[in-house]
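Shown next, in structure tokens, is the structure this report addresses.
The values are calculated or read from the model by the stated rules, or taken from the named source; none is laboratory data. Note that the coordinates shown come from a computational prediction; the quantities given were computed from them, not determined experimentally. For neighbour counting, all protein chains shown are included, and Cβ atoms are generated from backbone atoms with ideal geometry for every residue, glycine included.
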């Protein structure tokens, strides 16, 4: 935990853009998922990392499969 907190300066906060929400809704539909707050949150995260071309970290196996479908790199912990 100390290492993560000590390296917070390596992280940058990214704003959610309207195109991220639109992309998330599209991804939800493409993956036959129910529109819910939880799914919207997950898919907005996926759309942001896709837009920024950065890796995605999750323990959710279903999200990992979906991320790979969109060529989003997964960081395994």
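Tabulated results
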quantity	calculated
Within the range 2-68, helices (runs of 4 or more DSSP H) holding 2 or more residues that are at pLDDT 95 or above and either exposed (fewer than 10 other Cβ atoms within 10 Å of the Cβ) or touching a helix residue (DSSP H, G or I) at 6+ places or on another chain (Cβ under 9 Å) (or both)	18-30, 37-52
Inter-residue pairs, beta-carbon under 6 Å, first touching a residue at least 40 places away in the same chain (Cβ under 8 Å) and in the range 13-30, second assigned to a helix (DSSP H, G or I) and surrounded by 12 or more Cβ atoms within 10 Å (Cβ to Cβ), 6+ apart	27/43
